[in-house]
Amino acid sequence: MKKLSYTKIAQLAVVLGIVLTSQLSMAKMTSLSDEELGEVTAQAGISISIDQLNMDANIDTLYYGDKDGLGEGTGTTAGYISLNDVEIVGSVDFSEPLAVDVATAVDAAGNTEITKINMTMSDMTLDIERFTIDSITLGSAPGEGNSLGSFGIFGLHAQMTGNVSITAH
């Protein structure tokens, strides 16, 4: 007869312990019937924990344009308004996690199920050190044309709380 080493005995003890523990934890579990399961209410969602987001963004050109101007027969061509050399420096601080939940509810008329995303933020602080637009231009292509001037915001501080609900229809 072959002797078992202490290592083998320890391994067998660990395996036996795991098997017995898993069996004991399953002992109190019972299956739910369809009727019982129908009565279960649960909540699902995710929490996005963000302590602080720092921003240091630069955009060469942000524009809105219309390729055909005022339309055929008007004698006009494409036109664009452009925001050039945009810079944003700041931060967003969250004292509580941003909660995101997905839910389905029946509309007010009781006819249609609407699936929506609910985002809840409490005590969020937005601090913009600097938000500048070097030039705002009107021209026939993005970033081109005569300048209407520049734009800037310095030292913006905002406290935000609330809910955002996004639905498809």
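The values are calculated or read from the model by the stated rules, or taken from the named source; none is laboratory data. As the structure is a prediction and not an experimental result, all values here were calculated from the model. Please note: Cβ atoms are built from the backbone with ideal geometry, for glycine as well, and neighbour counts cover all protein chains shown.
Please give the number of the condition residue 47 fails out of (1) assigned to a loop (DSSP other than H, G, I, E, B); (2) under 30 Å from residue 96 (Cα atoms); (3) modelled with pLDDT under 65.
Every condition holds for residue 47 apart from (1).
Go through (1) modelled with pLDDT under 85; (2) more than 30 Å from residue 148 (Cα to Cα) for residue 54 and report which single condition fails.
Answer for residue 54: the failing condition is (1).
How about the stretch 157-169: which of its residues are in a strand (DSSP E or B) and either within 27 Å of residue 68 (Cβ to Cβ) or not hydrophobic (A, V, I, L, M, F, W, C) (or both)?
Answer for the stretch 157-169, where residues must be in a strand (DSSP E or B) and either within 27 Å of residue 68 (Cβ to Cβ) or not hydrophobic (A, V, I, L, M, F, W, C) (or both): 157, 159, 161, 162, 163, 165, 167.
Within the stretch 58-93, restricting attention to residues that are under 14 Å from residue 138 (Cα atoms) and among the hydrophobic types (A, V, I, L, M, F, W, C), which residue is surrounded by the most Cβ atoms within 10 Å (Cβ to Cβ)?
Per the criteria, the residue is 83.
Could you please let me know if residue 161 is β-branched (Val, Ile, Thr) and either in contact with a helix residue (DSSP H, G or I) (Cβ under 6 Å, 6 or more places away or on another chain) or under 20 Å from residue 55 (Cβ atoms) (or both)?
Spelling it out, it is not the case that residue 161 is β-branched (Val, Ile, Thr) and either in contact with a helix residue (DSSP H, G or I) (Cβ under 6 Å, 6 or more places away or on another chain) or under 20 Å from residue 55 (Cβ atoms) (or both).
Let's see how each residue does on (1) surrounded by fewer than 15 Cβ atoms within 10 Å (Cβ to Cβ); (2) aromatic (Phe, Trp, Tyr):
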{"site": "112", "(1), (2)": "yes, no"}
{"site": "121", "(1), (2)": "no, no"}
{"site": "124", "(1), (2)": "no, no"}
{"site": "131", "(1), (2)": "no, yes"}
{"site": "141", "(1), (2)": "yes, no"}
{"site": "144", "(1), (2)": "yes, no"}
{"site": "149", "(1), (2)": "yes, no"}
{"site": "158", "(1), (2)": "yes, no"}
{"site": "165", "(1), (2)": "yes, no"}
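Scan the stretch 78-96 for residues that are of a type in the set (A, V, I, L, M), more than 19 Å from the chain's Cα centre (by Cα) and outside any loop (DSSP other than H, G, I, E, B) and jot them down.
To start, the set of residues in the stretch 78-96 that are of a type in the set (A, V, I, L, M) comprises 78, 81, 83, 86, 88-89, 92.
Right, trim to more than 19 Å from the chain's Cα centre (by Cα) and you get 78, 81, 83, 86, 88-89.
Selection gives 81, 83, 86, 88, 89.
Given the condition out of contact with any helix residue (DSSP H, G or I) (no Cβ under 9 Å at 6 or more places or on another chain), outside any strand (DSSP E or B) and closer than 30 Å to residue 127 by Cα, answer yes or no: does some residue in the stretch 97-109 qualify?
So far as the stretch 97-109 goes, yes, one or more of its residues are out of contact with any helix residue (DSSP H, G or I) (no Cβ under 9 Å at 6 or more places or on another chain), outside any strand (DSSP E or B) and closer than 30 Å to residue 127 by Cα.
Just the residues that are surrounded by 11 or more Cβ atoms within 10 Å (Cβ to Cβ) and among the small types (Gly, Ala, Ser), please, taken from the stretch 96-110.
99, 103, 105
Please determine, by comparing only the residues of the stretch 119-156 that are polar (S, T, N, Q) and part of a strand (DSSP E or B), which one is farthest from residue 51 (Cα to Cα).
Checked the stretch 119-156; the qualifying residue farthest from residue 51 (Cα to Cα) is 146.
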